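*Asks:* The following block contains the structure, expressed as structure tokens.
The values are calculated or read from the model by the stated rules, or taken from the named source; none is laboratory data. Owing to the predicted nature of the structure, the values given are computational and were not obtained by experimental measurement. Because the Cβ atoms are built from the backbone with ideal geometry, glycine has one as well, and the counts that use them run over all protein chains shown. Ligands, DNA and RNA are excluded from the accessible area calculation, which covers all protein heavy atoms including side chains. Shrake-Rupley method; radii C 1.70, N 1.55, O 1.52, S 1.80 Å.
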There are 2 protein chains.
Amino acid sequence: MDFSSTALRVLRQVADSGSFTAAASQLGYTQSAISRQAAALERSAGAVLFERRSDGVRLTPAGLTLLRHARTILESVAAAEQEITASAAPTALVRLGMFPSAGAVLLPGVLARLATAAPHITVTTREGTTPALLRALRAGSIDIAVLTSRPPHRPSDGESPRLHIEPVEDTELLLGAPTTGLFAGRTAVHVDELVDAPWIAAPSTSTEPLLGVWPGLPGRPRIVHTTRDWLTKLQLVAGGFGVTTIPSRMSAVLPPGVSALRVQGVPQEVRRILTARLPGRPEPGITEVLRAVTSAL
Amino acid sequence: MDFSSTALRVLRQVADSGSFTAAASQLGYTQSAISRQAAALERSAGAVLFERRSDGVRLTPAGLTLLRHARTILESVAAAEQEITASAAPTALVRLGMFPSAGAVLLPGVLARLATAAPHITVTTREGTTPALLRALRAGSIDIAVLTSRPPHRPSDGESPRLHIEPVEDTELLLGAPTTGLFAGRTAVHVDELVDAPWIAAPSTSTEPLLGVWPGLPGRPRIVHTTRDWLTKLQLVAGGFGVTTIPSRMSAVLPPGVSALRVQGVPQEVRRILTARLPGRPEPGITEVLRAVTSAL
DNA sequence: CATCTGGTATGCGTAGTGCGCATGGACTTC
DNA sequence: GAAGTCCATGCGCACTACGCATACCAGATG
């Protein structure tokens, strides 16, 4: 019989929320994850803890028993956390989440700016997709999310609490192509030249609009490599193995052998960079970091 | 900040034992595992908890703080366990650990015997290597270990507590070969016929004496397939893709196409089957299962 | 009844974690 | 300095956690 504190938190939240789905959105997980956590908890407790009903979940007697202990355990955990972190250095911590290419193109600028403007702030970062970052934000595991969106820039999702969203900059999607070869010496290409191009894309989950390939091309694109890592992508392009899309700000950090080209013959592809945070008055450190993100661009 | 109860148990045991190594053997882990658990615990607590000294480990102030809370948390966990299992059915549970091929050749017999002789006993089983089973036994996560040993049958390991070990049966190692083909119609082979045979072995960790290949053959054996699974092994043999060693008791459950042959020209290879349990007077359920194991053979 | 709208379970694929094995470095003891 | 402690760590493997997509189920609504 072995419990992790996350499992106990799940139990508590399910008890408080009355359903797996609600608990999931409170905790920043998907419903699937909560369902499995619940099943695992029952397995490790050796008893049925949840009574699944058509309108949600209620705790069985065994579940209520465990809940009682879970609350005291979680209190102890919180107390321990309190005591231990109290003795540590009191530097302000801001947890930043951002879309993957932000790490290369704007994180260094943000950190550099903060190092002089607000050296007492410690920034930790993590990467993620837009939905993952929004979940993390609502769950309180990050303080700021740096996102991209494509037009039309509707308010991302309709869940509550409404997030405080602020546009930072509109940027243009460009084509990353080998400096030598087919497009050598050019500064732009026509979209018709791309229909049969070999693309280097991100692994897609069939739900996302296929990152890395120019949007709206007719037919099925010819994807020759897939990788999540930007350095890999760019080195593949430099090696002449394909082309990929790049945000315009990334042209500042392209390795030798890769050129950024505009694409003509179609309307500009605009990507908006924006920040999201929970509503209400932010802590001063968060404001400081938001300012650094805005001005680093 | 997220703690699993195993991590807290590790903390407590390290505090009580005074070293990672001692805690490891108490808890049935390797030293390596404890070292990593400790590092992970420090990472998740965000503080240095252990002071590594040349003669062991002592807790830092932060470690002592967490230890205090860990004890109360573990008490709550134990209390929860108590309450929940108290309301469950009071069937005796015996946890059996055994070497891999025992599952096929003797577990069915043991369970059948128990079903009539002691139907109130619930038996759970797991497989493992001899050292893993001995660790589990000492750690209290299994009640009985069913092991094999090869001569000389020395007392397995010298650690304390001394285990209560009882031989069950001596059995002979045989050769599993395709019924048709090179050895068709034979009941025995000479060891010289095996020097260039294609072997189907278990994946070896270079520390074990290479299971599945006849021991003591000159030269390096020609291993054509490796698998841990007995059914796979036997089906490969049946298909004529190689030969392997089998314990003599398994000849009762060989699939069609596989024959068990004696090996001549060398002394019999004897494998002893034995049971191990912690010393002292065993619970009645354990005695019952031990008796079933002995008499099922 | 058909359908829709809440809910939970589950197959699948992937990234991450836990752990054993082997080894290496630091320190103590003889 | 040789041997015996101890802890840390690279490697490989199996397992787990989780997200996505989908299936399924019960009650409300047409």
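*Asks:* Just one of (1) charged (D, E, K, R); (2) within 14 Å of chain B (Cβ to nearest Cβ); (3) out of contact with any Ser or Thr (no Cβ under 8 Å at 6 or more places or on another chain); (4) away from DNA strand D (no atom under 14 Å from the Cβ) trips up residue A:9, so point out which.
*Replies:* Among (1) charged (D, E, K, R); (2) within 14 Å of chain B (Cβ to nearest Cβ); (3) out of contact with any Ser or Thr (no Cβ under 8 Å at 6 or more places or on another chain); (4) away from DNA strand D (no atom under 14 Å from the Cβ), residue A:9 violates only (4).
*Asks:* Does any residue of the stretch B:206-216 turn out to be of a type in the set (Phe, Trp, Tyr), assigned to a strand (DSSP E or B), away from DNA strand D (no atom under 16 Å from the Cβ) and outside the structural domain of residue B:105 (by TED's automatic domain parsing)?
*Replies:* Within the stretch B:206-216, not a single residue is of a type in the set (Phe, Trp, Tyr), assigned to a strand (DSSP E or B), away from DNA strand D (no atom under 16 Å from the Cβ) and outside the structural domain of residue B:105 (by TED's automatic domain parsing).
*Asks:* Still on this structure, I have one more. With the requirement that a residue be within 8 Å of DNA strand C (Cβ to nearest atom), within 21 Å of residue A:71 (Cβ to Cβ) and not aliphatic (A, V, I, L, M), what does the stretch A:19-41 give you?
*Replies:* A:19, A:20
*Asks:* Right, here's the next one. Does at least one position in the stretch B:47-55 carry a residue that is small (Gly, Ala, Ser), within 14 Å of DNA strand C (Cβ to nearest atom) and at pLDDT below 85?
*Replies:* First pass over the stretch B:47-55, keeping only residues small (Gly, Ala, Ser): B:47, B:54.
Those still in the list that are within 14 Å of DNA strand C (Cβ to nearest atom) too: B:54.
With at pLDDT below 85 added as a condition, the list becomes B:54.
Yes - at least one qualifying residue is present in the stretch B:47-55.
*Asks:* Which one is most open to solvent (accessible area, probe 1.4 Å), of the residues in the stretch A:227-267 that are in a helix (DSSP H, G or I) and charged (D, E, K, R)?
*Replies:* A:249
*Asks:* Among all residue pairs at least 6 apart or on different chains, which show Cβ distances below 8 Å where the first residue, located in the stretch B:23-45, is within 14 Å of chain A (Cβ to nearest Cβ) and the second is part of a helix (DSSP H, G or I) and within 7 Å of DNA strand C (Cβ to nearest atom)?
*Replies:* B:28/B:135; B:29/B:37; B:29/B:135; B:37/B:6
*Asks:* Spot the failing condition for residue B:51; the list is (1) within 15 Å of DNA strand D (Cβ to nearest atom); (2) surrounded by 17 or more Cβ atoms within 10 Å (Cβ to Cβ), and only one is missed.
*Replies:* (2)
*Asks:* Moving to a separate point now. Could you list, in sequence order, all residues of the stretch B:61-105 that are out of contact with any Lys or Arg (no Cβ under 7 Å at 6 or more places or on another chain), open to solvent by less than 20 Å² (accessible area, probe 1.4 Å) and more than 9 Å from chain A (Cβ to nearest Cβ)?
*Replies:* Passing the criteria: B:63, B:94, B:96, B:98, B:101, B:102.
*Asks:* Looking at the stretch B:217-226, which of its residues are assigned to a loop (DSSP other than H, G, I, E, B) and surrounded by 15 or more Cβ atoms within 10 Å (Cβ to Cβ)?
*Replies:* Our first condition is that a residue be assigned to a loop (DSSP other than H, G, I, E, B); within the stretch B:217-226, this holds for B:217-221.
Within the stretch B:217-226, B:217, B:221 meet the criteria.
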